[in-house]
C-alpha cells in the first residue's frame, strides 16, 4: 500500500530488476546520481560502530520504566502501542524480521501479531496477517490521518551497526509511509516503512563522522519508488526490491512473485525506496510531546492530585533524561544503585519530593454518610453467603465464611461508633498520611517483564516477611504510634477469630502496610509461605475495595497449567467436575480402584476440563474500618485472593505470625514490641 495515488501504468508487469546491493547496504544505481541527498540516508558500515552523534532525548534500562514515563508508548510487551485504533509508539529491538533495515532517517521492519518464538529464539509467523490485525489497522490509520509515531530502538537491535548507549533509546517521531505484505515463510506478514519526521537535523544515532543533512530547501522530494498496477487483482504496489516488482496484495494469485516466479531469498532494497522522502507537512503533528514534562503539570496545592493515577506514573529525569517510575510514596528519585539488570545501575541522583497534603475521608468515600450506624448487607447468591452474627462482637457485624476442611474467613464490618472513636480508623487514616513511613514500590520477583513494580506501595515492620516482593523490614521499635495502634487492633481481631476454632492463638509479630493510589490494586496471590502462621488479619482504611477469593488453578482442575495431574487431588467442594472426581476418589480410597485404574479414569475426566482460571467463590466489600481475618493453613494452600480499591487512596495494614525458626537470629528482635494502654484495643 502507498499513501499516494499513483498514475496508472499501462500494460502488465513487464519490468526488469535493477543492479542491487545487500539488504543492509544498498549500492547506488549507476543510472541514478543524487549528490544532493545526505549520505546519512543509507547505513555506513565503515564508520566506527561505537561513535554516534549524540544522546537519546529519553532512555530506560527496563521496559516498565520506559512505559511509565512515555504516554505514547505504554506497551509493556510487544512492539506496537496503539490506543483508539491509532499507533502512537513503536519499538524496534532484537528481532525485526527478515528484510528489515534501519539507517539515520528510515526504519523498515515487520509488524507483530500472529507470531511465536522459534527454536532459534526469533519470531515465526504461525498465521497470515491481514488488515483486521489491530496493530496493522492502527498503523494504517496513523498513516492515513497523518499522525506521527514515536520510535524507540533497543540495544539488542543490530541493524544499525552502532553501539547504543542504553537498553531502550527514544529515537524521534517518524511518519508511516508504506505498509505492505510479504511472503514470510509460508505465511503472509506485514511490513512497514517509517520515515523520520524532522529531516532538518542530524539524528543522534547517526555516525559522528558523517556530515549534517542537506538543508530542507535543497532536498529533492520528487524521487519516489515506482508504482505499478497488478494485471490480476488491479491493486497498486510500489517497487521495494532491486530484483523486480511484485504484487504486495496478499489475496492476489500473483502475490509475492516476480514474473510469476518465486523471488530469490536474498532480496535487496531498491535505492529509490530507501531514498524517497515526503515533503514537510504542517498537518503532521504528534499527539503528545516526545519527552513529556509531567512535573510542570502537578500543582501540589491541589490536594488529592498526588494520589491520582497520573501522579504515580513515571517522569523523564530533567537532568539525565532517564525514564523514572514513581517508586517512592514521597516522589521520584533518579538514584544510583537501583538496578533492574544484573550489574547495571544508573541515574544521576535527581530527586523530586512532593509536598504531601492529607486527603480527607470525604474525598474517597462516595456514600452520603462517611460511616454507617449499622451497615446494611446484601449478598450476591452467585457467591458464598456467610453466617451473620450481630451480637458477639458488637458494635461489629461478624460475617464468617466457612470452607469445609480448609479454613474460615471472618469479616468484621465496622460502624460509625467504631470509626469515629479517638485513635480509631478515621484518625488513623489521617495520621498515616502525615508520617513519612518509607512506603515504596518494589520489583516483582516473578514477573514476565523484568523491572515490573508492584501496583501498591509497601513498608514492613517486625519480623521479616517476603510476599510477592522482598521488602526490607523495620523493627517495631522504629514504628510510629499509629502503626502500633493498628497492630493492637489486628492482635485483638486475630484472637477473636481463632478462639472460635479451638486452635492456639499466635499473636502477630509482623505488620505489612500497603498504600494504594488511584487505579492501584493487588492481583491474585496467597499468603501461604512456610514461614507464616495460619492466621492473616487486615485492617482496611480509606477507599472501599472489593476482595475476591478463588480456588487455585491446580486444585480447581486437578492438574497444573502444564497439564500434569496432581499426585494427591484433594477434590475440593466447588472444583471443576467435582461429582465425577469425588466419586472416583471415594472408589480409590475404599479400595474399589487400584492406583493405575484410578489414574487412567481420572485422566479421562481431566481431559474434558477447560483450561481456565477458577471463578471467584467469595466476594467481599471491604469498607473503611473493616477488619478481615483469614485462618487456616489450607486456606492459603488451596485458595488465592485479590484486592481492587475503588477510589484514590486506601491503606491496608496486615498482621501475621512469622515462625521464629524461619528468621535469622539477628532479626528476631525486630518482631518484639510492647503496646501502651492507648494502643491496646478492646473491640469498641
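Bear in mind that the values in this text are calculations on the coordinates, not laboratory data. Being a predicted model, the structure only gives us computed values, none of them experimental. Cβ atoms come from the backbone with ideal geometry, glycine included; neighbour counts cover every protein chain shown.
Annotations for the structure displayed:
- Calculated P(r) tail over 52 Å for the chain, as whole % of Cα pairs: 28 percent
- DSSP bridge pairs, the chain: antiparallel proportion in percent, nearest 5: 95 percent
- Note on residue 389 and residue 563: the model spin-label points, each 7 Å out from Cα along the C-beta direction, lie 4.8 nm apart.
- Cα gyration tensor, the stretch 183-274 - rounded (a/c under 1.5), prolate or oblate: prolate
- Rounded to the nearest 10 degrees, the angle from helix 134-144 to the longest Cα principal axis of the chain is 50 degrees.
- Cα shape, the stretch 553-606, gyration tensor, a/c 1.5 rule: oblate
- MRE, 222 nm, helices only [DSSP H, n ≥ 4, -39500 (n - 2.57), over the chain, to nearest 500]: -4000 deg cm²/dmol
- Relative contact order, percent, the stretch 545-684 [alpha-carbon distance under 8 Å, six or more residues apart]: 37 percent
- Global form of the stretch 437-566, assessed from the alpha-carbon gyration tensor, a/c cut-off 1.5: oblate
- Label point of residue 155 set 7 angstrom out along Cα-Cβ; within the stretch 52-76, amide nitrogens under 11 Å from it belong to 60-62.
- Computed over the stretch 348-408, the P(r) tail beyond 20 angstrom holds 59 percent of alpha carbon pairs.
- Between the C-alpha center of the stretch 365-434 and that of the stretch 503-565 there is a gap of 18 Å.
- Linear extension gain, residue 435 paired with residue 132, 0.36 nm per residue minus alpha-carbon span: 103.8 nm
- The stretch 435-461-the stretch 229-279 distance, computed between alpha-carbon centres (Å): 51 Å
- For the chain: relative contact order, % (alpha-carbon pairs under 8 angstrom, 6 or more apart): 13 percent
- If the convex hull is drawn through the Cα atoms of the stretch 39-211, its volume per residue in Å³: 116 Å³
- Simple spin-label estimate for residue 226 and residue 499 gives 9.3 nm between the two label positions (7 Å along the Cα-to-Cβ direction from each Cα).
- Of interest is the spacing of the C-alpha centroids, which for the stretch 58-101 and the stretch 625-684 amounts to 40 Å.
- Helix 425-434 axis, angle to the chain major axis (alpha carbon atoms, nearest 10°): 50 degrees
- Full extension of the segment from residue 597 to residue 370, taken as 0.36 nm per residue of separation minus the current Cα-Cα distance, would add 75.7 nm.
- Rounded tilt (10° steps) of 481-499 against the dominant C-alpha axis of the chain: 70 degrees
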